[in-house]
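Readers should treat all values here as calculations from the given coordinates under stated rules, not as data from a laboratory. This is a predicted model, so every value here is computed, not measured. Heads up, the Cβs are rebuilt from the backbone with ideal geometry, glycines too, and the neighbour counts pull from every protein chain shown.
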Amino acid sequence: MQEFFRSLKYIICLTNMMKTRFLLLAFFTTALCTAQEDYRRIHENAIVVDGHNDVLIRAVRGRDISMRNSLGQSDLVRFREGGVDLQFFSVWMGTEYGKGQAFHYANVIIDTLEALCRRNPSLIVRVNSAAEARRVIAGKKIAAAIGVEGGHMIEDRIDYIDSLYVRGMRYMTLVWNSNHWATSSLEEAEHGDSLPHKGLTEFGRDVVRRMNKLGIMIDVSHAGEQTVRDVIQTSIAPVIATHSCVYALAPHYRNLKDDQIRAIAKTGGIVGINFYPGFLDSSYERKSKELHRTFKPAIDSIRAAHRGDHLAQSIIDSVFRPYYTAIRPPLSLLIDHIDYTVKLVGIDFVGIGSDFDGIEILPQELDDASCLPVITRELLKRGYSESDVKKIMGGNFLRVFEAVCR
Ligand SMILES: [Zn+2]
């Protein structure tokens with residue numbers, strides 16, 4: 001009998017333990033599911049604004065970005081999946097397209113965006129102001145705005161600023177790698193004091209004044225330190241850096257130093273954090289160059305063996321891609337750049353400028369535009385409130401758009 005009671009007690013004890021375990025498991029599973037649902041719900045409810053995307057350069061060369069592409073990092077389908085509400089599309093051509101060409105190409109690229117919107121009116125609509133963007137977003141469509149990348153696109157003509165404004169340009173990145181009236185971060189880093197001029201020329205200041213007058217945001221990503229100083233001294237409107245990272249975390253000439261971030265915030269502007277690993281991770285470019293050096297002979301021989309057929313690239317991709325994937329920085333590093341900026345100047349002056357389709361590689365977990373919700377998830381994990389996350393993911397950018405482009 002005693003034996004029977006001992007067994008019964010054991011069974012009750014075991015059942016209780018299992019119950020407790022089951023309850024604990026159920027509790028954690030529910031908590032995890034709720035957290036998952038929470039970040040998705042918060043991301044969906046946020047107005048997500050990406051300040052910089054280069055996919056038009058692919059569209060202008062014939063890629064149909066209205067459908068999901070296996071190549072590249074963004075298209076209308078992936079914008080939808082990533083919850084993008086307002087996309088600033090970059091209008092860019094390299095500086096080799098000089099006078100007589102650059103302005104023409106800017107218009108051709110804008111034509112491509114217009115055609116995309118006309119052919120897909122239920123998905124995407126061109127906007128020129130924050131008010132228009134809000135209306136389009138309320139109608140569950142993507143709002144498409146235009147940013148022209150590089151002052152060389154105006155071919156040193158003030159009237160071309162007006163022409164591009166009429167076509168929808170709502171920000172212009174003053175300088176890409178070079179022009180005649182503003183020095184870039186690349187030029188200032190490489191040539192420093194030997195440059196014939198540093199910063200804005202008087203014509204450059206006129207460009208800033210005209211942009212102020214028309215209501216076009218001035219983008220200082222790619223600009224040299226002296227240019228940024230001159231712009232901030234000249235502009236009477238908030239100044240933005242659409243796709244730049246933090247120099248203190250990754251000392252790259254394209255990144256912004258603390259005093260530059262403070263100065264931009266003081267104008268009421270915004271810094272859109274770029275997703276490019278080379279700007280996020282100070283060790284990335286060294287690792288990438290090492291891989292390139294190691295694999296170049298093998299890659300060259302594959303290309304030589306498969307001259308004239310399409311096999312070479314797929315062989316190269318399948319053999320070497322895993323090595324390049326392994327050096328992608330963790331997503332947490334992108335969050336570090338956002339976090340650093342918030343700690344430096346406050347929650348109101350940081351956003352995102354993905355540079356999707358302008359860069360070859362992205363941080364881990366952020367494979368393309370459809371993955372944007374993971375940023376919301378990570379910000380929440382770091383302790384950011386729902387309203388803070390909404391500011392970072394788009395609210396701040398929309399505020400500046402509203403303030404400058406009337
Ligand atoms: Zn750029």
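Taking one equal scatterer on every alpha-carbon of segment 247-396, how large is log10 of I(q)/I(0) by Debye at q = 0.09, 0.10, 0.13, 0.19 1/Å? With no solvent term, the Cα-only Debye profile gives -0.36, -0.43, -0.66, -1.13. Counting only alpha carbon atoms, the long axis of helix 284-305 and the longest principal axis of the chain meet at about 80°.
Database remark: amide H of residue 246 closer than 5 angstrom to the amide H of 256 (H placed geometrically; neighbours at sequence offset of 5 or more, or on other chains; Pro and chain starts carry no H).
Averaging the Cα positions of each part gives two centres, and for segment 82-128 and segment 176-199 these lie 27 Å apart. Restricting the trypsin sites (Lys or Arg not before Pro) of segment 269-357 to loop positions (DSSP other than H, G, I, E, B) with no more than 10 neighbouring Cβ atoms within 10 Å leaves 307.
Can you give me the relative contact order of the chain as a percent, contacts being Cα pairs under 8 Å and 6 or more apart? For the chain, the relative contact order is 20 percent.
Assuming 0.692 mPa s and 37 °C, estimate D for segment 333-406 with Stokes-Einstein, Rh taken as the Kirkwood radius over Cα pairs, in µm²/s. D, rounded to a whole number, is 249 µm²/s.
For the pair segment 238-281 and segment 309-372, the centres of their Cα atoms are 16 angstrom apart. Label positions at residue 403 and residue 319, each projected 7 Å from the Cα along the C-beta direction, are separated by 5.4 nm. GNM remark for the chain: springs join alpha carbons under 10 Å apart, and the peak mean-square fluctuation among 115, 106, 133 falls on 115. Taking the inverse of the mean reciprocal distance over all distinct Cα pairs, the Kirkwood hydrodynamic radius of segment 309-357 comes to 13.9 Å. Where both bridge residues fall in the chain, DSSP classifies roughly 5% of the beta bridges as antiparallel. Mean projection of the Cα convex hull over all viewing directions, computed for the chain: 26.9 nm². For segment 43-137, the list of GluC sites (Glu not before Pro) that fall in a loop by DSSP and count at most 11 other C-beta atoms within 10 angstrom reads 96.
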